[in-house]
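The structure appears below as structure tokens.
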Amino acid sequence: MTSSSRLSVKLRAVLIALFCVGVVTFALYAFQKREAPKKPIATASYLCDAGKTIAAAFYKGATAPPPAPGQPPAPTGSVALALSDGRVMKLAQTLSADGSRYSNGNPSIQGGETFVFWSKGNGALVLEDGKEKSFIGCIVVAPEPAGSDLSLSYATSSLGFSIRYPQGYALDETYRYQELGPGKDIAGVKFTIPATIAKGANLASDSYVSVEEIPHARDCTASLFLERAAAREVTAGDTTYSVASSTGAGAGNRYEETVYAFPGTNPCLAVRYFIHYGVIENYPAGAVREFDRPALLRQFDAIRRTLVMQ
């Protein structure tokens, strides 16, 4: 297959994914219109393995009668779901010791329910006929920030996160960070900038944002991801990061790395910024322009802030 053919296949895949998300969103909107004037207390979009999606709208139920002595209160809520395979359904909330469980039947009767949606934190579990077989590894996807270009989304149940990123960024699920030496590779997922951002500037097109994890880390700090780099604590909004930075140079090139780790996570999860550029003074006058560092960092920051952990 030629490079142009591969590009065409990838473009079709992106367009199909965007079309599916649009169909699911429209289906849920239509469902909610039928429920009017009742309004959902919350909504969420989930991205599952194999690119499948679920749009969910959660509703508060009527006040339940007092439970019998020694019995838990009966839940009365419901959820409206729009699945990327075209199904739209409303499920009643059932008793659950963990998370919020919704079903299309009576769970106390054998064979009484054939579809279960189980929301747990930022993840969701779907059971059909008692088995996980259709929508697997579902993780909440952050809404696209207003005024941003983060129109694409990615989720991985193996690493346990979802994130948004712009059109044109190249996704690499086989990425491994290898700068710590033999046997110290760090696995993750990389999002490389489009060549158009670097074109005509002193920015190299191998600059990227990555999400990485280190298993079995007793203390999750940014220092684990950068050799001989001291970590500091940074709080942004509701999130506290462990942050470390490093710079390198060689043959007229400059390399800057910043790692934002999430303390308390195990495996230890972190977002890395890698920026590679040439020393502007080494170019002939007027040959290239200096890249827009603030704009690039704003985009990297926007991507990082959409990360959702399972």
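The values are calculated or read from the model by the stated rules, or taken from the named source; none is laboratory data. If you're wondering where the values come from, they're calculated on a predicted model, not measured in any experiment. Positions of Cβ are backbone-derived with ideal geometry, glycine not excepted, and every protein chain shown enters the neighbour counts.
For the reader, a short list of remarks on this structure follows.
- Candidate set from the stretch 47-85 (those that are part of a loop (DSSP other than H, G, I, E, B) and closer than 19 Å to Leu127 by Cβ); member that is farthest from the chain's Cα centre (by Cα): Pro75
- The condition of being assigned by TED's automatic domain parsing to the domain that holds Glu257, within 17 Å of Leu47 (Cα to Cα) and within 20 Å of the chain's Cα centre (by Cα) does not hold for Tyr175.
- Annotation: Ile109 fulfils all but one of (1) β-branched (Val, Ile, Thr); (2) modelled with pLDDT of 90 or more; (3) more than 22 Å from Met309 (Cα to Cα); the unmet one is (2).
- Looking across the stretch 175-194, the residues that are under 16 Å from Phe274 (Cβ atoms) and free of Cβ contacts under 8 Å to residues at least 12 places away in the same chain come down to Gln178, Asp185.
- All positions within the stretch 243-286 that are hydroxyl-bearing (Ser, Thr, Tyr) and either more than 19 Å from the chain's Cα centre (by Cα) or exposed (fewer than 14 other Cβ atoms within 10 Å of the Cβ) (or both): Ser245, Ser246, Thr247, Tyr255, Thr258, Tyr277, Tyr283
- Any chance Leu224 is crowded, with 20+ Cβ neighbours inside 10 Å and in contact with a strand residue (DSSP E or B) (Cβ under 8 Å, 6 or more places away or on another chain): yes
- Cβ-Cβ under 8 Å pairs, at least 6 apart or on other chains, the stretch 74-103 side at positive phi, far side of a type in the set (A, V, I, L, M) and not in a strand (DSSP E or B): Gly86/Val23; Gly86/Ala27
- Residue within the stretch 172-188 that is of a type in the set (Lys, Arg) and under 21 Å from Ser207 (Cα atoms) present: yes
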